[in-house]
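One structure below.
Please treat every number below as a calculation from the coordinates, not as lab data. Quick caveat: nothing in here was measured; it's all calculated off a predicted structure. A quick note on method: Cβ atoms are made from the backbone with ideal geometry, for glycine too, and the neighbour counts reach across all protein chains shown.
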Amino acid sequence: MDMDPATDIALMILAGFNKHYRIFRETNAAARGLFERKEWEKIRASNRQRIDMYDSRVLEAVKTVTQDFPHAADDESLWPTIKKTYIALLYEHHQPECAETFFNSVAAKVLDRRYHSNQYIFTRPAVSAEHIEGEQPTYRCYYPMITGLRHTLFEIFMGFQLGVPLANPRKDVRNVLEVFRNWAPINTDRPMEPNFHVQVLSSLFYRNKAAYAVGRVINGHHRELFAIALRHLPEGGLCVDALIYEREHLANLFSVAHAYFMVDMEVPASWVSFIHAALPEKPKAELYTAVGLQKQGKTDFFRDLHQHLKHSADQFIIAPGVRGMVMVVFTLPSFPFVFKMIRDSFEPPKDTSREQVMEKYRLVKHCAFPRT
């Protein structure tokens, strides 16, 4: 007996997302080998290709749905049932928040509408992404009070099992120890709570010519984030290039002004929550974007803005500063972001078109910035 159309369509959309995230993870996992072999151009090319990956899978899903169920594009009354069926399919899914966003992308294109209520798409999340457990732990724990800080650092470095070893591990550990000893959360002169330990995310973050081990120190109620940057030496082998622990520098590391990280995440919500818990001033939307999940970042940003507007009484205003000739820039005084709209036409001396401006933005979107 054939299933009902709502179930068939829901399964098609979820199959499209699962295919997308499988390829996304395979691409990120391959970054490890590219880093080990110093294939920098391939890393940048892979990062650029990953940007278009999502849209390609969405178009595939849209084509499948519209070919098999051509009436789905005209019958809006079917989509609330499709959504409810889809929610049930996300039970124990490892990426439910991203799967909901994928559903939104497909539904919006099939229905050919730019605006939808929560009845048709997920303007609000329906499935919690908190406390999801994957096949592998999100992070590993280390206990310096038992094994000693020096041994803990050796364990952290060895835990990633890179094919290229540290050229001088004793020197690197010694240098990191010197910094750690002056860092308040791990300073041995300060009182250590019974729960004192170190947590390190189980996969490295790759970007351009560097790999980053990201972790946090837990001491009492305090959670302090840190990142250890690894680079290749000209003469061979790896070295610890930096230990980053100041909040300003960490916020800059995860800024979307840089190229996106490539990191293999089974449960992305757990990775984002890990960083956000220690860096709460960094919006989750920006963290999702920083690890290559731009569409999820956009979804979270929209939800943050929508929630803010429900409680805000101020009005959008033109942003202070020099008036732009290409963009109209406006902002909400109580919301720390600016919004830009490309003008339909430009006054002299600007000699360009709206299409050319949009093409330049597409170029920037696909550009792997050289900063690390």
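Remarks
- MRE, 222 nm, helices only [DSSP H, n ≥ 4, -39500 (n - 2.57), over the chain, to nearest 500]: -15000 deg cm²/dmol
- As a calculated quantity, the FRET efficiency between HIS151 and ALA30 at R0 = 41 Å, using C-beta atoms, amounts to about 0.80.
- With the alpha-carbon atoms of region 221-270 aligned to their principal axes, the span from lowest to highest coordinate is 41, 26, 24 Å, starting with the largest.
- When every Cα-Cα distance of region 139-307 is counted in 10 angstrom steps from zero, the calculated P(r) takes the values 9, 38, 35, 15, 3, 0 percent.
- Phi to ³J(HN,Hα) by Karplus 6.51 cos²θ - 1.76 cosθ + 1.60 over region 48-58, Hz, x for Gly, Pro: 5, 5, 5, 4, 7, 4, 4, 4, 5, 5, 4
- Loop-located chymotrypsin sites (Phe, Trp or Tyr not before Pro) in region 39-137 (DSSP state other than H, G, I, E, B) with a sparse environment of at most 10 neighbouring Cβ atoms within 10 Å: TYR91, TYR115.
- Cα-based reach from LYS19 at 18 Å (exclusive), listing lysines while leaving out same-chain residues under 8 positions away: LYS63, LYS295
- Computed E for HIS249/HIS222 - FRET, C-beta separation, R0 22 angstrom, nearest 0.05: 0.75
- Charge dipole (the chain, unit charges on Cβ, about Cα centre) - positive-most of THR7, VAL322, MET262: VAL322
- Set LYS171/LYS282; LYS284/LYS340; LYS209/LYS360; LYS42/LYS109; LYS38/LYS284 screened for pairs whose C-alpha atoms are more than 27 Å apart: LYS171/LYS282; LYS42/LYS109; LYS38/LYS284
- Burial order of peptide ranges 168-181, 335-348, 209-222 (average beta-carbon count within 10 Å, highest first): 209-222, 168-181, 335-348
- The residue among TYR120, LEU305, LEU233 whose Cα reaches farthest toward the positive pole of the charge dipole of the chain, with charges on the beta-carbon of Lys, Arg, Asp and Glu, is LEU233.
- When the P(r) of region 5-48 is calculated, the portion above 14 Å amounts to 60% of the C-alpha pairs.
- Label-to-label distance for GLN315 and GLU235 is 6.8 nm, based on points extended 7 Å past Cα in the beta-carbon direction.
- For region 75-95 versus region 254-301, the spacing of their alpha-carbon centroids is 25 Å.
- With Cα atoms, 0 to 90° folded angle of helix 354-365 axis to the chain main axis: 30
- Residue list for region 28-55, given a label point 7 angstrom along the Cα-to-Cβ vector of ARG362 and an amide N cut-off under 18 Å: 48-55
- When only the Cβ of Lys, Arg, Asp and Glu is charged (+1, +1, -1, -1), the dipole of region 313-365 relative to its Cα centre reaches about 160 debye.
- Ellipsoid semi-axes for region 39-184, based on the Cα gyration tensor and the rule √(5λ), read 47, 20, 13 Å when sorted largest first.
- Rh by Kirkwood over Cα pairs, then Stokes-Einstein D for the chain at 1.567 mPa s and 4 °C, µm²/s: 56
- Between the beta carbons of LEU305 and LYS38, assuming R0 = 45 Å, the FRET efficiency works out to 0.60 to the nearest 0.05.
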